[in-house]
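The values are calculated or read from the model by the stated rules, or taken from the named source; none is laboratory data. Here the structure is a predicted model, which means the values were calculated and not measured. Neighbour counts are summed over all protein chains in view; Cβ atoms, including those assigned to glycine, are modelled from backbone coordinates with ideal geometry.
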Amino acid sequence: AEDDAVRTKAKDLVDYWRQALRKRKSSGDLSQPALKRGLSSSLSLCSEALAGKDLAASQDSQPPASQGSAEGPALARADSLLSLGQESFDASGAPKGPVDAYRTKVQEKLAEAFGKAEDIETKEGSEGGEEQMRDPVELSVEIDEALHSVFPKKDEYLAQARSVLYNLKDKKNPTFRFKVLVGFFKPSQVPKLTAEDMASIEKSNERAKQRKYAMEEIQADWALKHGQLNLTGMFTCGKCKGTKTTYFQMQTRSSDEPMTTFVSCLTCNNRWKFC
Ligand SMILES: [Zn+2]
């Protein structure tokens with residue numbers, strides 16, 4: 001199943017780059033080095049997401065190299081192209097135009113669901129508390145672009161967008177929102193998330209394991225039996241002193257550093273983290 005995921009991801013990337021390549025060719029300022037560089041950095045993102053899975057298969061299917069060796073500005077353009085994703089060209093390959101109304105609407109709803117930008121409180125005594133949650137508006141645009149590049153058709157786009165929005169707004173599932181805000185789920189992953197990925201803690205643990213961010217075995221077993229990693233008594237909320245909490249862990253610093261634990265209070269929705 002993991003190999004399928006790699007294949008799908010690789011195929012998406014390759015499709016995207018083929019399309020970009022065609023556009024570059026037809027606009028006559030193709031820079032081969034820039035595209036190659038862009039592709040390899042996409043692939044490294046991909047490999048990071050998949051925790052070092054073998055990417056030989058996807059590298060084999062690199063788009064054919066083409067002529068042209070314009071340097072300079074093309075490099076910068078290719079980089080911005082990469083960060084913009086498929087947004088630069090619409091589904092029919094026409095140059096970028098205004099975003100469709102339904103996408104603007106989804107961006108607004110996503111931003112609304114994320115709420116305002118905020119710092120994550122770091123529990124006293126831990127180090128390295130500089131990261132901030134992502135800006136909700138930027139995040140919403142990135143998610144829209146990721147959705148649009150995977151689902152150019154309006155109905156498919158909207159089906160996934162609805163599912164994402166439902167889970168973001170689900171009061172019983174504060175963790176999903178938290179995970180997207182801190183980058184546990186990246187915007188590029190959002191189009192592929194199933195309802196189960198978004199809702200279920202078992203699935204999260206499975207992912208965490210695949211990414212080598214495993215929780216202790218015992219906690220994973222506990223989560224499997226109880227269906228949700230809601231712990232009473234393990235953490236105490238600084239705001240309401242409640243002890244019903246749910247948490248997940250993520251590597252936010254270099255891999256030899258301990259993981260950061262993100263905790264949500266199930267009583268008052270306060271959130272904090274510690275290292
Ligand atoms: Zn609380």
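Points worth noting:
- Segment 138-174: number of residues that are touching a helix residue (DSSP H, G or I) at 6+ places or on another chain (Cβ under 6 Å), aromatic (Phe, Trp, Tyr) and either surrounded by 21 or more Cβ atoms within 10 Å (Cβ to Cβ) or in a helix (DSSP H, G or I) (or both): 1
- Residue check for Thr245: part of a strand (DSSP E or B), more than 10 Å from the ligand (Cβ to nearest atom) and among the polar types (S, T, N, Q): no
- Residues (more than 10 Å from the ligand (Cβ to nearest atom) and of a type in the set (Phe, Trp, Tyr)) located in segment 259-275: Phe262, Phe274
- Cβ-Cβ under 6 Å pairs, at least 6 apart or on other chains, segment 234-259 side farther than 22 Å from Met133 by Cα, far side more than 10 Å from the ligand (Cβ to nearest atom): Thr243/Thr232; Thr243/Gly233; Lys244/Thr232
- For Gly233, the stated conditions do not hold, so it cannot be described as more than 16 Å from the ligand (Cβ to nearest atom), at positive phi, surrounded by fewer than 16 Cβ atoms within 10 Å (Cβ to Cβ) and modelled with pLDDT under 80.
- Within segment 248-275, the set of residues being assigned to a loop (DSSP other than H, G, I, E, B) and more than 15 Å from Thr122 (Cβ to Cβ) comprises Gln251, Ser254, Ser255, Asp256, Leu266, Thr267, Cys268, Asn269.
- Of the candidates Ser149, Ser140, the single residue that is closer than 22 Å to Ser264 by Cβ, modelled with pLDDT of 95 or more and not aromatic (Phe, Trp, Tyr) is Ser140.
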